[in-house]
Amino acid sequence: MDVRRFLDLYEAETQEHVRILQRSLLDLERDGSGGALDEAFRAAHTLKGVSASMGFAEATRLAHELEDQLDQLRHAPPAGAAPVPVDALLAAADALEREIAAATAGSQAMGDIVPAAVTPAPQGPGLEPGAVHSLWPAAAALPPGVAAAAVVRLHAEAPMKAVRALLVLRALAGRDDLLGSEPAAFPDDFDGLFRVHFGSTRDLASAEADIRGAGDVADVQFLVGRPAQPWGKAAPPPAPRMPAAATRAAAVLQAAAIPLAVPAPGVGMTGRKPSARQLRVDAERLDAVAGGIGELSILFNRVAADAVAQAAAGDTLDRMSFILGQLQQDVVDLRMVAVAEAFERLPRVVRDAARRLGKDVDLDVSGEDVRLDRMIIDELHDPLVHLLRNAVDHGIEPGDARLRAGKPARGRIQVHAERERTGVRITVSDDGGGVAADRVAARARAAGLLGAAAPAVLTDDDLFRLLSQPGLSTAADVGDVSGRGVGMDVVVSRLRALGGAIEMRTRPGTGTTFTLRLPVTLALAQALRVRVGGEDYAIPLTHVAEAVDLDATGGGAVTSGRLRLRGESIPLVSMRTMLQLPDGGGERAAIVARSGARCAALAVDEVVGREQILVKTFDAATGTLPLFSGATLLADGRPVLVLDPLSVL
Amino acid sequence: MPRTVLICDDALFMRSMLADILRSAGFEVVGEAQTGTEAVRQYRALHPDLVTMDIVMPDMGGIDAVREIIREYPQARILMCSAMGQQALVIEAIQAGARDFVVKPFQPSRVLEAVQRVLG
């Protein structure tokens, strides 16, 4: 048993409930509905339960306090028009989140106690106010021979707690694995918190029922440990290695099944989602599986190529090919997460920024069901936060200015996700004042970013390129909300690293829209294989609009540096020149890359074909050509570089 | 058939109060005892489903009465009735075989919860 695994579970589970807590508190602030309050209460309750099971006393205490505050609100809402103290509740939720993070980080190295049965203890509405004040620290290992312990807390107002504790032990007397209690004897002024020790982990659910049946029991949590290694004895040989993912899945299932085995009656706990069908899987393990399948399919292609020559085993290979493709798709799907996860925190970001700036701003989020690669979702959070803060700070005007402009005093920001042909588009739009082009230009001139020869009227793309320069800020006063112009350059580079792109459209007085384009997945990409100067390269299709036969368009395109395509004149860049190859002038094809309104063509010698590639991130030293975004293996096993067509734009 | 109860307390007030609470829950009060000796004698005669036992009674105390009854009838279901501050005595009674306890002043709901546990 590996405590890391349970910590991971704890981390994932608490993150989820912290998110729910935050979201429901914001809902509460908006419409003050009882549903949001109940949801927040349940989230706090669950956080208390799982934290107590891990033995994280401080997190348990904070969750318990928050739970109490929410419970009081549930039963005695603030009189009249008095507002719900959402600020205080949010602050408490933040403190709890920090404590959970600290406790998790602090016990990464801990290896003794493996909390297993996370049994939420549903309570009636009358939760006693006394906090869990002295839970055993998890680091205190269970004594040798103790396989499981039940941490029992009696109701604060229960009379004669020493007697009650005795009755709890008596209720368990029928078990042959009952070892005793900690403390072993209960003093006259016993505070009602004790631990019951068991010699096995058998049937803990019935133990819980017996404990609760003894009366006055407020809470039962189980700790499951392994007997400490006796001193001086060599460690046992490691158990035969199970495939890591399988072990993990088993542990997850086990942990998920235990709460299900103990149905949670009681107030407000009926909404518990059954979790047995949903596995939490470590993204790294999934990557490993995806990588394995990817390389397998490449090997398969090689074998297939040999076998075709021998004209044998055709049907079998067809069948294998089909299954491999299917598997590959399944694994890619496994990595996909609804974008809702990246959006979950955004309302809080907007709320906090708006509050600090004294503005009223609504956030509308839509398209949360669109799914993206888990890693992209993770990487998306910071850019989105930056764009939103930016919109609140620089986009949305102060209320009086909005009223003068004939707009509602409340600003409005929309975040929308949508599936596109080759990827996902996310838009962040505000109904603010738009980018003040003249001020950006003035700043840029002052900073030496814009020469005198620059056109008088800057396009949106020009503006955005200037705004993405480090150090350029147009806000009259630089606040702490969106920083000092730092960030847009980071947003741009982050999106490019993901194989995505961003563009900006702004209309004075009406607002600004940022459009983010992202590939659906990082692991596998459709790519064109091209040849330049005798070498093969792969170009992901994400930004490829089309491939053009240069011979058909008539010669001279490469030398002129422009490609005429259906009446449009597109800049044409020779890959040979970019790669510093001897210029043979052998380019016969061009790849047209498009990102938003920007468009360019890359001249290559030849388009070899289209295939699915598995991109390995590229760990090139900084300073190498920014042309490549990674490397991949071709069907014949040769490694090739992956060209990033956006680098040309 | 209603379940039967024997109420043991030297104070009439307490006996009446307990009788009211238990009757309201459908019990039939088949006997009342004011001393430990009387409690043991009546148990032998009545075999009630439930006994409520005060701790401090003249002649023979409640704890000794519990010991006596349990010695003869190990399955007897006895609920201790204690004043506050008698925790050590209640522990003694529990060790002697009483099944649960309630603390005076009685709250009907707590009494009935305890009765439920004793009979359950």
- In region B:94-116, the residues that are facing another protein chain (nearest Cβ under 9 Å), more than 18 Å from A:P187 (Cβ to Cβ) and in contact with a helix residue (DSSP H, G or I) (Cβ under 7 Å, 6 or more places away or on another chain): B:R99, B:D100, B:V102
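For region A:478-487, indicate whether the set of residues that are at pLDDT 75 or above and among the basic types (K, R) is non-empty.
Scanning region A:478-487, I find no residue that is at pLDDT 75 or above and among the basic types (K, R), so the answer is no.
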- in contact with a strand residue (DSSP E or B) (Cβ under 7 Å, 6 or more places away or on another chain), closer than 23 Å to B:M1 by Cβ and within 14 Å of chain A (Cβ to nearest Cβ), is that true of B:L18? no
- In region B:79-105, how many are among the β-branched types (V, I, T) and more than 14 Å from A:A158 (Cα to Cα)? 3
- Item | Unmet criterion (only one of (1) within 14 Å of chain A (Cβ to nearest Cβ); (2) farther than 21 Å from B:P2 by Cβ; (3) not hydrophobic (A, V, I, L, M, F, W, C)) for B:R67 | (1)
- Query: Quick check: anything in region A:144-156 over 40 Å from the mean Cα position of the chain (by Cα) and within 14 Å of chain B (Cβ to nearest Cβ)?
  - Reply: no
- Message: Cβ-Cβ distance below 7 Å, separation of 6 or more or different chains: which pairs start in region A:46-57 with a residue that is in a helix (DSSP H, G or I) and end on one that is among the hydroxyl-bearing types (S, T, Y)?
- Response: A:L47/A:T14; A:K48/A:T60; A:V50/A:Y10; A:V50/A:T14; A:S51/A:T60; A:A52/A:T60; A:M54/A:Y10
- Out of curiosity, is B:D54 within 11 Å of another protein chain (Cβ to nearest Cβ), of a type in the set (D, E) and buried (at least 21 other Cβ atoms within 10 Å of the Cβ)? no
- Message: With of a type in the set (G, A, S) and touching a residue at least 12 places away in the same chain (Cβ under 8 Å) as the only criterion, which of B:G120, B:G97, B:G85 stands out?
- Response: B:G97
- Query: When the residues of region A:407-436 are filtered to those that are in contact with a helix residue (DSSP H, G or I) (Cβ under 8 Å, 6 or more places away or on another chain) and either modelled with pLDDT under 85 or loosely packed, with under 13 Cβ neighbours inside 10 Å (or both), which remaining residue is farthest from A:D373 (Cα to Cα)?
  - Reply: A:P408
- Task: Working carefully through the options A:L169, A:L193, A:L178, A:L204, find the one that is more than 14 Å from every other protein chain (Cβ to nearest Cβ), of a type in the set (A, V, I, L, M) and in contact with a Ser or Thr (Cβ under 7 Å, 6 or more places away or on another chain).
- Result: A:L193
- In region A:580-612, anything among the aliphatic types (A, V, I, L, M) and at pLDDT 80 or above is listed as A:A589, A:A590, A:I591, A:V592, A:A593, A:A600, A:A601, A:L602, A:A603, A:V604, A:V607, A:V608
- Within region A:372-392, is there a residue that is out of contact with any His (no Cβ under 6 Å at 6 or more places or on another chain), at pLDDT 85 or above and outside any helix (DSSP H, G or I)? yes
- Could you please find all residues in region A:495-532 being at pLDDT 80 or above and outside any strand (DSSP E or B)? A:L495, A:G500, A:P508, A:G509, A:T510
- Message: Residues to consider are B:D59, B:D64; find the one that is acidic (D, E) and under 14 Å from the mean Cα position of the chain (by Cα).
- Response: B:D64
- Any idea which of (1) surrounded by fewer than 21 Cβ atoms within 10 Å (Cβ to Cβ); (2) within 12 Å of another protein chain (Cβ to nearest Cβ); (3) part of a helix (DSSP H, G or I) is the one B:V90 doesn't satisfy? (1)
- Item | Filter pass, B:M80 being within 12 Å of another protein chain (Cβ to nearest Cβ), at pLDDT 95 or above and either within 13 Å of the chain's Cα centre (by Cα) or part of a loop (DSSP other than H, G, I, E, B) (or both) | yes
- Query: Does B:D49 satisfy the condition of being away from chain A (no Cβ under 12 Å), of a type outside the set (V, I, T) and closer than 20 Å to A:G213 by Cβ?
  - Reply: yes
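The values are calculated or read from the model by the stated rules, or taken from the named source; none is laboratory data. These numbers come from a predicted model, not from an experiment. FYI the Cβ positions are ideal-geometry reconstructions off the backbone, even for glycines, and counts take in every protein chain you see.
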